[in-house]
Structures are given as C-alpha cells and as structure tokens.
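Beneath this line is the structure, given in structure tokens, with notes to follow.
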Amino acid sequence: MTASHQPTVRVLLVEDEESFIDALSVGLAREGFAVTVARDGAEGAARFAAGEFDIVLLDLMLPKMSGLDLCREIRSSSDVPIIIVSAKGEEVDMVLLLEIGADDYVTKPYRLRELVARMRAVLRRREHPVDLDGEESSIQRGPVRLDIDARRCFIGTDEVKLRKKEFALLRLLMENPGRVLTREVLIDRVWGHDYVGDTKTLDVHIKRLRSLIETEPKAPRYITTVRGVGYRFEVSRDEG
C-alpha cells in the first residue's frame, strides 16, 4: 500500500535541531504523515494544546521546557502516543521515561525506517488494544478486586487508580493465579505481538503495580518474580 492511500497521521515534532527537523519533515511527509514542528518545549506545549495530534515525537534536550517536563504535561491530559528521541551519549533513565508516560524511546542518530516502524507499532497498539479473554465481570484474589466492566481496581474497600496497561497486566496475572506467565507472554498479550520497544517497559509496570497493591513492594506477597522466566500472581487456598 502506498503512502497516498494511508490515512493521514498527525505528528507533533518537538525538536530544536534544524538538521533533524528538515530531514524528518521531508521523510515523514513521504511516508504519509502530516508534521507540525515546535522548536522548543514551550512552543510544543502550546501547539499540542491548540491542535489535535495522533502521535508526538519529543526530543529530551529542549529550550524553555525540557522534554521530560513536556511529556509529563501532555500525559496529564492526554493518552496520545509519545516517542522520546534523544542524542546518543545522553544519560537517559529509561525507567523514568516510561514512568512519566512515554510509549517508546529512540536514540539519535536513527534510521528513518526504524523510527517509522516504531511510530506505526505504537499507533497500532493504541488503535487495537489487547482484548483479554475471560467473561467475568469482576475478579477477586485476596484483597485485590478488579471490576472489569468499569475498569476499576480495589484493595479492600480502597480504590487504586490504574493506567490502561497496568489494568490489563494485573487482570492477566489475576486471571491466571499461581501460574507463571513468561515475559514474552505478558508483553505479547498486553503490548501486542508487534511490540518493538524496550522490554524494561514490563518491569516498570510491574514495579508500579507492586507499589500500589503490595503492603511491602520490595518483598511482594502477590506479584512475585520467577527469576529468568516471568511473573506470577500468588494466592493461598483460603484467598481463592
């Protein structure tokens, strides 16, 4: 299928290096993307607030507002896919990027083909979320209860706010109590078989889930690690 027959994807490119701006604008246009450019973080925030975009390409080192701060600001009001772009050699905390809501990360210099593949993979995952099996309207494992229809999580009587991927991951683990789910299975079921990002994404989500549902996150009672294999949701017989 040629680019001309593909639906136009609106891209916000927040980048201050003219060489990258020129090359990306031309290259992405050829791939069927409509690119809007912002040359600093403040302009990126303004353009995002004023327009509608399908995906954001966000440099980390920006004038006026850092890429990290802009990512946090965008994520506070939108779930639009965000791909972080950073120069090779910059000290980047990948876990932090994922925790603040970035969907993927690409290092400069990169090939346009690689970037476009990452963009399309992220967009496919957003357009076709994983449809987890199971017809239960709620799941109870120990003190943890999921209301499937309302997508709500409770620990006892207290509600815990979960993001979409966190809810999907916890649901999958709770639907298979006592069973070891490999990292590959978890990534495939929650992120999709075409996921090409860093596998640390899974670890970040597990860490956050533990911080929300475990009494002692560093010594988890429910979401346990099976070293070298994956994760398991532990329950005793009396907990169901």
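The values are calculated or read from the model by the stated rules, or taken from the named source; none is laboratory data. On a predicted model such as this, the values are computed, not experimentally measured, just so you know. All Cβ positions, even for glycine, are placed from backbone atoms using ideal geometry, and neighbour counts span all protein chains on display.
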Taking into account only those residues within the range 113-170 that are in contact with an Asp or Glu (Cβ under 8 Å, 6 or more places away or on another chain) and hydroxyl-bearing (Ser, Thr, Tyr), which is modelled with the lowest pLDDT? Ser137
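Have a look at Glu52, Glu31, Glu18 and point out the one that is surrounded by 13 or more Cβ atoms within 10 Å (Cβ to Cβ) and either modelled with pLDDT of 85 or more or outside the structural domain of Leu112 (by TED's automatic domain parsing) (or both). Before you say what the answer is, go through the steps one by one.
Values: Glu52 fails: surrounded by 13 or more Cβ atoms within 10 Å (Cβ to Cβ); Glu18 fails: surrounded by 13 or more Cβ atoms within 10 Å (Cβ to Cβ).
That would be Glu31, the only listed residue that is surrounded by 13 or more Cβ atoms within 10 Å (Cβ to Cβ) and either modelled with pLDDT of 85 or more or outside the structural domain of Leu112 (by TED's automatic domain parsing) (or both).
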Could you pull out every one of the helices (runs of 4 or more DSSP H) wholly within the range 1-77 that has 3 or more residues that are touching a residue at least 60 places away in the same chain (Cβ under 8 Å)? 18-30
Name, by its number, the condition in (1) within 16 Å of the chain's Cα centre (by Cα); (2) on the phi > 0 side of the Ramachandran plot that does not hold for Val80. (2)
Subset of the range 94-109, residues modelled with pLDDT under 80, within 21 Å of Asp16 (Cβ to Cβ) and part of a loop (DSSP other than H, G, I, E, B), comes to Ile100, Pro109
